[in-house]
Structure formats: C-alpha cells, structure tokens
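Report on one structure; see the data block that follows.
The values are calculated or read from the model by the stated rules, or taken from the named source; none is laboratory data. Given the structure is predicted, the values throughout are model-derived calculations rather than measurements. FYI the Cβ positions are ideal-geometry reconstructions off the backbone, even for glycines, and counts take in every protein chain you see. Note: areas computed on protein heavy atoms with side chains; ligands, DNA, RNA excluded. Shrake-Rupley method; radii C 1.70, N 1.55, O 1.52, S 1.80 Å.
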Amino acid sequence: MEKKIKVLIAKPGLDGHDRGAKIVARALRDAGMEVVYTGLHQTPEQIVATALQEDVDAIGVSILSGSHNYQFNKIMELLRDKKLEEIVVFGGGIIPDEDIPSLKQMGVKGIFTPGTSTETIVNFVKENIHK
Amino acid sequence: MNLVEEALKGNYRAIARIITMIENDSPEGIAMMKELHLHTGKAYVIGITGAPGVGKSTLVDKIIEYLRNEKKKVGVVAVDPSSPFSGGAILADRIRMQHHFLDEGVFIRSMATRGSFGGLSRTTKDAVKVLDASGFDFIIIETVGVGQDEVDVVKFSKTTLVAFAPGLGDEVQAMKAGIMEIGDIFVINKADREDADKTEMDINAMLGLNPKKNGWVPIVVKTVATTGEGIKELMKQIDLHRDFLEKNTSFLYEKEIYKSEMEIATILKEKLFERALEKTKAEGGIRGYAEKVASREIDAYTAAEKILDTFKCCSN
Ligand SMILES: Nc1nc2c(ncn2[C@@H]2O[C@H](COP(=O)(O)OP(=O)(O)OP(=O)(O)O)[C@@H](O)[C@H]2O)c(=O)[nH]1
Ligand SMILES: [Mg+2]
C-alpha cells in the first residue's frame, strides 16, 4: 500500500465554530489524505497526545477565539518535549497580521487567514510533507 | 530506539510508529510483526460493528470508562472507510472519546480502510497485535458494518458486539450482510428512543432463526451510550461470554486456529497477487490481460489461468 499523508485537524479554545475546520478536513480528504478530526474544545495537551498516538505528519489548528499565541506556544512546547518536532504545524482562523511573525518564530510553518482557498492549504501540506 | 523493545515496554511513540509502518507495508514493519507475534495472545479483544451513526464510538467511550475504573489498560483501533474517489479519509471516531485522550492507560488509533485485497483486515489485525504485545488488557476494534472486510475484522475478536439503533431499518440489511451470524451480543443503542422495543422484538425474532453458536445463545442488551445506561449490563454480558469461551477451551482453540488460518490466507493472497503483478509485468500487468478480456479476445478464467501458468516455471 502506498504511503498516505496523515493530518490532525484540531480545534482548541472555547468558541464553538468548527465549520472552517471541517471544510479544511474535507479538502484534505479530497486530496487523498487521511484526516483525524477530534472535535471542539481541545487542549494543547490533548492535541499533542492525539498526534503522538495517531502518528500524524501534520497538525492543522483552527482558532477563532483570539487565544492563538498561548495555544500555539503550548503546542510547540509540548511537541518539543515529546520529541515530535518533525510534525508540521499550521494554523488558520482569525489571526492578526502583526502576530504572524512571532508564530512563525515559534515554529508554526503556515498561517492561513480567512479567505485563503482550501487549495492553498492542500498545496502547503503537500509541499511541506515528503512521503 | 529499538521500536520492538520499546513497544513491548508500552512506549506509545514506538507503538504508533510500528502501526504506521504496517499501514505503509514497509518491510521493517513486517519484520517487527514477526517478533511481536510471539508476545501476543494475552489481551481480550472486543469487536464492535454496526451501521453508520448507531453510536459505536460513544459505546466504546463508555466501555473504556468502565474498564479504566477496573484499572485495565485499554487499546482502541477505530476504522473508518477511505473515500473510493480520492483515497483519503476523515477519521472522526475520536470525537466521542475525548475524555480519554490524556489517560496514560488508553491508546487510541484511527485507521482508514485504504481499500483493496483484504488490506484492511491485515493492517487492522496487525495494529491489534501491536497493542496486544504492548500489554493492553483489553483492545476494542470499531468498524462500520458494511462490507466483508469489516465482518472479517470482527471475526478476529473474542467477543463481537453488533450495534443497532431504533428506527434505522438496518436489521434487514444486517441479515443480508451476514452480520446476524457474527454477533455474540446484540446492542440496541439509543434505547431512549421510543421505537427501541420494536427493534428489540425484530432482532429477537431474527435471532430465533439463527442456529446457536456452539452452545452460546446470543443475547440482546439495550443501552443509551450518551448517558451510560445499560453499560454495566453490557459489560456483565461480555464477561459471561468470556467465561463461556474460557470454559469451552476447545471452542476457543478452534477460534484461534480459524483466526490464524484467515491471517495466513490474507497474507498469501496478497503475496500471490503481488507475485502475479511482477510475473505479468512484461505483458503489461493484469491490465494487459484485462484489455484482452475486454476486447473478447479471451475470457477472464483463461486470463487468470494464463497468469497462474507464469508461476509454473522458474519458481524461486
Ligand atoms: N439519543 C441518543 N443518541 C446517541 C446515543 N448514542 C450515541 N448517540 C448520538 O449518535 C450520534 C452518533 O454517535 P457515534 O458514537 O459517533 O456513532 P458511530 O456508530 O460511531 O458512527 P460512525 O463511526 O460514523 O459509524 C452522536 O451524535 C451521538 O451523540 C444514545 O444512546 N441515544
Ligand atoms: Mg464511530
């Protein structure tokens, strides 16, 4: 069997909107990837524990609640602790432009603000994961 | 790190890596399975199948909770179908199991069916074996009960639960698919719905038509997975079935033999098929023959026989 790209789509934070996350999940599926979707209100700890057990290649984090700096920082820290740095982390949602450089600095590979086409995201994942 | 050694010690990272290798059919993964096999056979494997949306994952969530209260380590393999169009999949069973993500005694792995030639069966079974060797007391396999592959996977477990929900009208479908024969325990979930009693009657009526399974009389349990109602009774019945198997050692032994026979057959089929692909490469692979069948030059039986003939000479 051929190798497949496996992506965890995670939805941390308190807001209850996962439409964007679901749209991205479906787009990745339609591009032939295997997408683990775990539902709303995930903590960084839950996200990283899931990524480890599922052995994913990438984590896509969808955040609307404005807590992105904290969430991403924590996720990146936990990934380092567990020696899972090779997992590609990307994010989407309402993220102000001025926050993007510091997120990139933390190691978040891609940030997609509202209006980004799913095609852009699919291509990003394909380009950043080598299988 | 030595993945096999680490997995045997219960290292989650190692377990996860090995399962991926098996999914990707890597030779290293297969070598590891050879080592791990000798350490398997200790876990109690529960299979759960049923139509989409009947509440299988929610049931699994509650079963995990019950077993964790008993201090048992629990592994879960949740299988969702791959899209036949893109080959991708959305694996969403975890949504119902969130409470257990941070529990050190629970390992959950989602897998896609990935399609053809019994591949699902082998990779799923191997994932179960990895968990078994890694010291999990219970392993739960969730599959959507639609095709033969799913039925096969469930045959791999010691106790098989077939789940229904009222009002879906899937009982007849289940009977057609041969699902009534594989269940040791029939769960009517969503028993909070009003037509649950009717579903129970329908299922009991269908079970009446089935021959008894070597002395075990399949039973029906009603549950409300969302609240946990009926889970205790379900677990009691699973225990009773386990006792039954353990007392009927010859039956259990036959089950093990049968399971191993299926495993060998699956691997053999895959290998033979791979071999056939190799041997026919010169003629354009199976496709080369398919073209001849499509143009009515030869028929499919003759094509298959011709391919088999290529095995005859120079067997290596
Ligand atoms: N009313 C009611 N709803 C339930 C019950 N059990 C599960 N549900 C709901 O049924 C829906 C499907 O539940 P799942 O556990 O995801 O079902 P599933 O069989 O695993 O679904 P697939 O894996 O997609 O085939 C969810 O919205 C659950 O909350 C129940 O006992 N009563
Ligand atoms: Mg499910």
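Calculate what fraction, in whole %, of the accessible area of chain A sits on carbon and sulfur atoms when a 1.4 Å probe is rolled over the protein chains.
For chain A, the apolar C and S fraction of the accessible surface comes to 51 percent.
Which whole-angstrom value gives the distance between the alpha carbon centres of region A:6-52 and region A:71-123?
13 Å
Under the definition of partner shielding as Cβ atoms of other protein chains within 10 Å of a residue Cβ, what is the mean value for peptide B:16-29?
3
Name the residues whose placed amide hydrogens come within less than 5 Å of the amide hydrogen of B:Lys222, ignoring near sequence neighbours (fewer than 5 apart) on the same chain.
Placed amide hydrogens put B:Ile188 under 5 Å from B:Lys222.
On full extension of the chain, what length is gained from B:Lys247 through B:Asn204, given 0.36 nm per residue of separation minus the C-alpha to C-alpha distance?
That pair, B:Lys247 and B:Asn204, stretches by 12.9 nm at full extension.
Let me know the charge dipole size of the protein assembly as shown about its Cα centre in debye, to the nearest 20, where only the beta-carbon of Lys, Arg (+1) and Asp, Glu (-1) is charged.
In debye, rounded to 20, the protein assembly as shown gives about 500.
Per-residue mean of other chain beta-carbon atoms within 10 angstrom of the beta-carbon, peptide A:4-16?
Shielding by partners across A:4-16 averages 2.
Order A:Lys6, A:Lys74 by their accessible area, 1.4 angstrom probe, all chains in place, largest first.
A:Lys74, A:Lys6
Which cross-chain or sequence-distant (5 or more) residues have an amide H under 5 Å from the amide H of B:Phe107, H modelled 1.01 Å from N in plane?
Placed amide hydrogens put B:Val74, B:Gly75, B:Val76 under 5 Å from B:Phe107.
What percent do you get for the relative contact order of chain B when only Cα pairs under 8 Å and 6+ apart count?
Relative contact order for chain B comes out at 17 percent.
Output needed: percent of Cα pairs per 5 Å distance bin for region B:228-316, bins running from 0 to the one holding the longest distance.
Pair shares across the bins are 3, 11, 13, 13, 10, 8, 8, 6, 6, 8, 9, 5, 1.
Specify the inter-centroid distance of region B:123-139 and region B:45-81, based on alpha-carbon positions, in whole Å.
Cα centres, region B:123-139 to region B:45-81: 14 Å.
For a label point 7 angstrom out from the Cα of B:Arg193 toward its Cβ, which stretches of region B:224-263 have the backbone nitrogen within less than 17 Å?
The answer is B:224-229.
For region B:261-314, calculate the relative contact order in percent as a whole number, restricting contacts to Cα pairs under 8 Å that are 6 or more residues apart.
Once normalised by length, the contact order is 31 percent.
Under the Kirkwood approximation for Rh and a Cα-based Rg, what ratio Rg/Rh is obtained for region B:28-69?
Expressed as Rg/Rh, it is 1.16.
Just need the Rg to Rh number for region A:6-128, please, alpha carbons only, Kirkwood Rh.
Rounded to two decimals, Rg/Rh equals 0.91.
Quote the charge dipole size of chain A about the Cα centre in Debye, to the nearest 20; the model charges only the Cβ of Lys and Arg (+1) and of Asp and Glu (-1).
The calculation lands at about 260 debye.
What three numbers, in Å, describe the spread of the alpha carbons of region A:1-44 along their principal axes, ordered from the longest?
For region A:1-44, the Cα extents along the three principal axes come out at 39, 19, 9 Å.
Specify the angular offset, from 0 to 90 degrees and rounded to the nearest 10, of the alpha carbon long axis of helix B:56-69 from the longest principal axis of the alpha carbons in chain B.
Rounded to the nearest ten degrees, it is 60.
Relative contact order for chain A: what is it in percent, counting Cα pairs under 8 Å that are at least 6 residues apart?
It rounds to 28 percent for chain A.
Apply the Debye scattering formula to chain B, with a single equal point scatterer on each alpha-carbon and no solvent, then give log10 I(q)/I(0) at q = 0.10, 0.11, 0.12 Å⁻¹.
Calculated log10 I(q)/I(0) at the listed q: -0.63, -0.74, -0.87.
For the protein assembly as shown, what value does the Rg/Rh ratio take when both radii are computed over Cα atoms and Rh is the Kirkwood radius, given to two decimals?
That ratio equals 0.99.
Considering only DSSP beta bridges with both partners in the protein assembly as shown, what is the antiparallel share in %, to the nearest 5?
5 percent
Taking chain B as a Gaussian network, where each spring joins two C-alpha atoms under 10 Å apart, which residue of B:Gly230, B:Gly288, B:Gly75 fluctuates the most?
So, out of B:Gly230, B:Gly288, B:Gly75, the one fluctuating most is B:Gly288.
In degrees from 0 to 90, rounded to the nearest 10, what is the angle of the helix B:285-294 Cα long axis to the longest principal axis of chain B?
90 degrees
Peptide A:20-31: average number of partner chain Cβ atoms within 10 Å per residue?
Mean partner shielding for this stretch: 3.
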